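Below is one structure; the comments refer to it alone.
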Amino acid sequence: MDELDLNYGISKGQKITNLIFSLYFAIFGLYILITQTAISNYGLLFFAGAICFVFAAIMMLLNTLWLPASILKINKEVVEAHLPKQKTITIEWVSVSSVNIGPGYLVFLVNGGQKQRKIELAELKYSDVMTVKSKVIELCEHKNISYHND
C-alpha cells in the first residue's frame, strides 16, 4: 500500500535552481552592501544591493519554508484534502463505514453513516481524479469498506 500524494507545486529541480539563483543574488547584494558601507557611500548602488538582498531572501523563503502543502494525501490511515476553495478535510479510515464515488467527487460516510464528508475533485487533473478513485477503491477493498458509484 503506497501513499498517494498529489502536489501541484514546483518540481524538485526547479526548487534547486531557484535556490541557487537566490543564493547568488543574496551574496551579490550582500557584497554590494558591504563594499558601499565600507566606503561610506549610501547612494543608489547601496539601496540596489539592499533590494537585491531582500528579494533573494524572499525567494529563498518561497522555495523552502513557504511552499504550499500537498493538495491531496491518501494513505492507509487517513485521507487529507487541502483542495482550493474547500475546507481542509481529514478523514480517518477507521471511522469510514461506506464510500460513494461520483464522477467528480467522493463522499465518505463516517460514524456508521451519521455524517457525510464530501471531497470535490473538480480542481484536479483528469488523470489524477482517476488515480485518486482507484486508490480509494483499493483501500476500500483492503479494509473491507463498502463502496459504490453514484
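Quick note: the coordinates plus some simple rules give every number you see, no bench work behind them. This is a predicted model, so every value here is computed, not measured. Glycine gets a Cβ as well: all are built from the backbone with ideal geometry, and neighbour counts include every protein chain shown.
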### Query
With Val107, Val94 as the choices, which residue is surrounded by 14 or more Cβ atoms within 10 Å (Cβ to Cβ) and not charged (D, E, K, R)?
Val107
### Message
Can you pull out every residue in the stretch 1-14 that is more than 25 Å from Leu121 (Cβ to Cβ) and either of a type in the set (S, T, N, Q) or in contact with a Leu (Cβ under 8 Å, 6 or more places away or on another chain) (or both)?
### Response
Gln14
### Top-ranked residue in the stretch 43-65 [being aromatic (Phe, Trp, Tyr) and farther than 19 Å from Ile16 by Cβ; ranked as nearest to the chain's Cα centre (by Cα)]
Phe53
### Task
Just need a number here: residues in the stretch 1-29 that are within 30 Å of Val78 (Cα to Cα), out of contact with any strand residue (DSSP E or B) (no Cβ under 8 Å at 6 or more places or on another chain) and surrounded by fewer than 14 Cβ atoms within 10 Å (Cβ to Cβ).
8
### Query
If you check Phe53 against the conditions, is it over 18 Å from Asn7 (Cβ atoms) and either among the basic types (Lys, Arg) or in contact with a Leu (Cβ under 9 Å, 6 or more places away or on another chain) (or both)?
yes
### Message
Which of the numbered conditions does Thr35 fail, given that it passes all the others? Conditions: (1) within 23 Å of the chain's Cα centre (by Cα); (2) in a helix (DSSP H, G or I).
### Response
(1)
#### Entry: Failed item, numbered, when Asn75 is tested on (1) surrounded by fewer than 18 Cβ atoms within 10 Å (Cβ to Cβ); (2) closer than 26 Å to Gly9 by Cβ; (3) free of Cβ contacts under 8 Å to residues at least 40 places away in the same chain; (4) not β-branched (Val, Ile, Thr)
(3)
### Query
Looking at the stretch 66-87, which of its residues are of a type outside the set (D, E, K, R) and over 12 Å from the mean Cα position of the chain (by Cα)?
Ile74, Asn75, Val78, Val79, Gln86
### Query
(1) in contact with a Ser or Thr (Cβ under 9 Å, 6 or more places away or on another chain); (2) closer than 21 Å to Glu3 by Cα: which one isn't true of Lys135, the others all being true?
(1)
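Residues are listed down the side, and each one gets a yes or a no for (1) free of Cβ contacts under 8 Å to residues at least 40 places away in the same chain; (2) farther than 30 Å from Thr131 by Cα; (3) in contact with a helix residue (DSSP H, G or I) (Cβ under 7 Å, 6 or more places away or on another chain):
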{"position": "Gly9", "(1), (2), (3)": "no, no, no"}
{"position": "Phe21", "(1), (2), (3)": "yes, yes, no"}
{"position": "Leu45", "(1), (2), (3)": "yes, yes, yes"}
{"position": "Asn63", "(1), (2), (3)": "no, no, yes"}
